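Here's the structure, in structure tokens; my notes come after.
None of the figures in this text is laboratory data; all of them are computed from the coordinates on show. Because the structure is a prediction, the values reported are computed rather than measured. So basically every Cβ, Gly included, is an ideal-geometry build from the backbone, and we count neighbours across all protein chains shown.
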Amino acid sequence: MRKITVLKDGWKFLKADIPAETAVKYAAQGEDVVLPHTWNAKDGQDGGNDYHRGTCWYVRTLSKEELAGDRVFLEINGANHTAEVWFNGVQIAHHEGGYSTFRAELTDIQDENVLAVSVNNADSDRVYPQKADFTFYGGLYREVRIIAVPEEHFELLKDGTPGIKVTPVVDPETGTAEVTVETWHNAESVEITVNGETKHVQNKAVFTIPHAHLWDGVNDPYLYTAEAKLASGDAVSARFGCRYYRCDPEKGFFLNGKSYPLRGVSRHQDRAGKGNALSIEDHRSDMEIIKEIGANTVRLAHYQHAQEFYDLCDENGIVVWAEIPYITMHMKNGRENTVQAMRELITQCYNHPSIAVWGLSNEITAASAVDEDLLENHRILNDLCHHMDSTRLTTMANVFMLETDSPILDIPDINSYNLYFGWYLGDLDQNDEFFDEYHAKYPDRVIGFSEYGADANPAFHSSRPERSDYTEEYQALYHEHIWKMIEDRPYLWATHVWNLFDFAADGRDEGGKHGENQKGLVTMDRRTRKDAFYLYKAAWNKQEKFVHLYGRRYENRAEDTTEIKVYSNCDTVTLFVDGKEIGTKNGHLVFTFRIDLNGEHEVRAVSGEYTDTMTIRRVSEPDESYIFNKAAGQVTNWFDAGENDPACFSVEDTYGELLGNEQTKAIISGMMEKGASERGDVAAAVKDNPALIRMMSRMTMLSLLKQGGADEESVRQLNRILQGIRK
Ligand code: GCB
């Protein structure tokens, strides 16, 4: 028999970079902590990019009884980024990579034993991630377990393997699934059972399931179980799904032979106040929100997530993009770490039917050149994926600046781009144009939309939403555009909103919040669903009919008439103001009305039995609390360019023109540097990317400043300086 004990409490935590003996000696002075735990739950979420990154210790005593068993293993499911494990004064493990499971055997067990684990999230030039737009919470933030097994047992050490590998291959013609089950153990023979049939083999058995019950995404995520047992009593099992899929460059994703456009969201593993130390209830509640919005796919960014979450995806039919933290900046010493992370990801996640693709990297060319070392790293990872798994496709998420003829795009099986036109840079239409051009140029390549989004703080509102104003209304407008863009391009194999949830990026300081990326459709505490959430819910959720009034937090409006929008998956919506019927609209997802404002009004949207009500009121002056950038927000026509002397430089010149003159270049470079640093580490690292500079060069300085949230006075000031320099 196998006995699993979860080591939840009894830990002492020491926030000190000290030798193992010292940690053990002074453990009693440490803080009592309960796992899962991160030491960055607060300082990793409050901005300033100053959260504690270093070595900390977790120490626990273990009695002989807790370690009873013929062979005893320690399992750590996530220690970010690097861990060393000491048992009774001897180092028994060193693990690099903060998101995967690893194990070590505990030997020489005494009556009283001491386990000491050091975890380190400091800078490194070999362990990913180092440059990325999220907080690298340090800690033992997932379960730590003791696994006691008989002498004869299934393999536990190799890359955190589950000891059992199930490969179902479905024949589309007959619906028959051929299921290969492989196991690893130190025994002569194993008993393997699948679908009521049992075989005794050395380590590998093939089963045939006629008319297999398919794992059919959200429609019917049916799971089978494979069980393996040794004579000693040690047993392992794995759930699996019978399914097949393909990607068509013209028609997108097909699941089990039927068109199944993948439309969904991305997720980071963190929460307000908790960091990455999540409970199973946190995982479940995230899954409930994914189901509520009606997504059929999730990109589990930017690293391996908890096994519990992949399980939830299996159970709920959510197709997963799984990836390793090879992100933003290629490190020449990091190759081994990427290979190990990919080996562990595939070994540990192989059996999950929800996973459709392995992601090789994310925006890796943002802060690195496409050179031979980077290409070779990708080829090695791509080959490794195919070698370890012949059933899944590889992909990568490319940064918008990557030229579409880059040789890196030839490496993975299918392509994807992260585009933020209409947020960081450029206009919304550029998203449409990008895909149209790509698809026309490469009609045989499969392309997807791996990230898009716009930040919104639900405190900020406007009737004239603009890019970079951080209003809920701009975010909604942005997504209305993108949703339509996607609808018109069925060839996109998958699309993932960045992000379902706001998440911590301690280096950020923008949009009225410190340390948060606010592109979420839901706030980091999961309490507020921003308006854009309901646009997608209307588009995707076929089960739960609803009407949602947009703008409920935009209560005070300084205008005579105002727009009322309703997001709904019903066909008809009727609007009432103060009980009086205003009108009925037939439509699809977005229903727009205009009403007069004079005083306080109760607005009610109704479709059959579904209804939503809000209160808004006419105010004489704009409500200041709704404006993020107060200085810029107050000015409607905030810069009158007519006065400029064309013989001299001005903010109306393009960024490129200003970079072309030594004097003006010196002036604007400092300003741009400051702007980038407010958007965190990544923006600061990316700002010198030549392709980005090329794109920005075509934009006027005025539009770049506006986008960066510059106030009117500093724009005028800069303009005065530039006007003093002759062209
Ligand atoms: C990206 C990155 C993601 C960031 C996002 C953003 O392209 O892949 O990690 O969080 O942009 O919000 O800037």
Check your understanding: Amide H neighbours of F73 under 5 Å, counting only residues 5+ apart in sequence or on other chains, H built in-plane at 1.01 Å?
Key -> L106, I147, A148, V149
**Study point:** Sequence-separation-based contact order of region 160-245, relative, with Cα cut under 8 Å and 6+ spacing, percent
**Key:** 31 percent
Check your understanding: Where the centre of each part is set by its Cα atoms, how far does region 102-145 sit from region 512-577, in angstrom?
Key -> 41 Å
Review point. How far, in degrees from 0 to 90, does helix 531-540 lean away from the longest principal axis of the Cα atoms of the chain, to the nearest 10?
Key: 60 degrees
Exercise for review: Could you sort out which of K519/K545; K537/K565; K131/K274 sit more than 19 Å apart by Cα distance in this structure?
Suggested key: K519/K545; K131/K274
Review point. What is the percent of Cα-Cα separations in region 32-136 that go past 16 Å?
Key: 62 percent
Check your understanding: Counting only DSSP beta bridges with both residues in the chain, what percent are antiparallel, rounded to the nearest 5?
Key -> 80 percent
Review point. What net charge do the residues around S266 carry, taking every other residue with its C-beta under 11 Å from that of S266, with Lys and Arg at +1 and Asp and Glu at -1?
Key: +1
Check your understanding: Is the shape of region 262-504 best called rounded, prolate or oblate, per the rule: a/c under 1.5 gives rounded, else a/b larger than b/c gives prolate, else oblate, with a ≥ b ≥ c the square roots of the Cα gyration tensor eigenvalues?
Key -> oblate
Review point. In deg cm²/dmol, rounded to 500, what helix-only [θ] at 222 nm does the chain give when every DSSP H run of at least 4 residues adds -39500 (n - 2.57) and the total is split over its residues?
Key: -6500 deg cm²/dmol
**Study point:** Degrees, to the nearest 10: 335-349 long Cα axis against longest axis of the chain
**Key:** 70 degrees
Practice item. Using the Kirkwood radius over Cα pairs, work out the Stokes-Einstein diffusion coefficient for region 661-727 at 25 °C and 0.890 mPa s, in µm²/s as a whole number. Key: 192 µm²/s
Practice item. Determine the principal axes of the Cα atoms in region 306-363, then give the extent along each, sorted from largest to smallest and rounded to whole angstroms. Key: 39, 21, 16
Check your understanding: Across region 301-309, in residue order, what do the Karplus-derived ³J(HN,Hα) couplings come to in whole Hz, using 6.51 cos²θ - 1.76 cosθ + 1.60 with θ = phi - 60° and x for Gly and Pro?
Key -> 8, 10, 6, 5, 8, 5, 3, 4, 6
Point to revise | Inter-site label distance for E227 and E581 at 7 Å from Cα along Cβ, in nm | key: 6.2 nm
Check your understanding: How high is the relative contact order of the chain, given as a whole-number percent (alpha carbon pairs under 8 Å, six or more residues apart)?
Key -> 11 percent
Check your understanding: Quick one: what does P(r) look like for region 160-245 with 5 Å bins over all Cα pairs, in whole %?
Key -> 3, 15, 26, 23, 15, 10, 5, 2, 0
Point to revise | Förster radius 60 Å - calculated FRET efficiency between R726 and V34, Cβ distance, rounded to 0.05 | key: 0.35
Study note, to complete from the structure: Along region 259-276, Karplus-curve 3J(HN,Hα) (6.51, -1.76, 1.60; θ = phi - 60°) to the nearest Hz, with x for Gly and Pro, reads 4, 8, x, 7, 10, x, 9, 9, 9, 9, 9, 7, 8, 4, x, 10, x, 9
Practice item. May I ask for the angle, rounded to the nearest 10°, between helix 280-293 and the longest principal axis of the chain, with both axes built from Cα atoms and the value confined to 0 to 90°? Key: 50 degrees
Exercise for review: Please order L67, L115 by the number of other Cβ within 10 Å, starting at the fewest.
Suggested key: L67, L115
Practice item. Find the centroid of the Cα atoms in region 194-237 and in region 42-78, then give the distance between the two in whole Å. Key: 34 Å
Study note, to complete from the structure: Listed by chain and number, the residues whose amide H is under 5 Å from that of E559, excluding neighbours fewer than 5 places away on the same chain and using placed H, are V619
Revision key, fill the gap. Assertion target for Y550, Y420, ordered by fewest C-beta neighbours within 10 angstrom first, is Y420, Y550
Point to revise | √(5λ) per eigenvalue of the Cα gyration tensor, region 388-448, largest first, Å | key: 23, 13, 10
Review point. Which distance in Å, rounded to a whole number, links the C-alpha centroids of region 289-316 and region 439-486?
Key: 22 Å
Practice item. Provide the descending list of Cα extents for the chain along its principal axes, expressed in whole angstroms. Key: 87, 59, 51
Check your understanding: If you wrap region 556-624's Cα atoms in a convex hull and average its projection over all directions, what's the area in nm²?
Key -> 4.6 nm²
Practice item. Could you give me the radius of gyration and the Dmax of region 381-503, taking only the C-alpha atoms into account and expressing both in angstrom? Key: 16.2, 54
Practice item. Counting other beta carbons within 10 Å of each Cβ, put S390, S620 in order, fewest first. Key: S620, S390
Review point. Amide H to amide H under 5 Å from I582: which residues, 5+ apart in sequence or cross-chain, H placed 1.01 Å off N in plane?
Key: L575, F576, V577
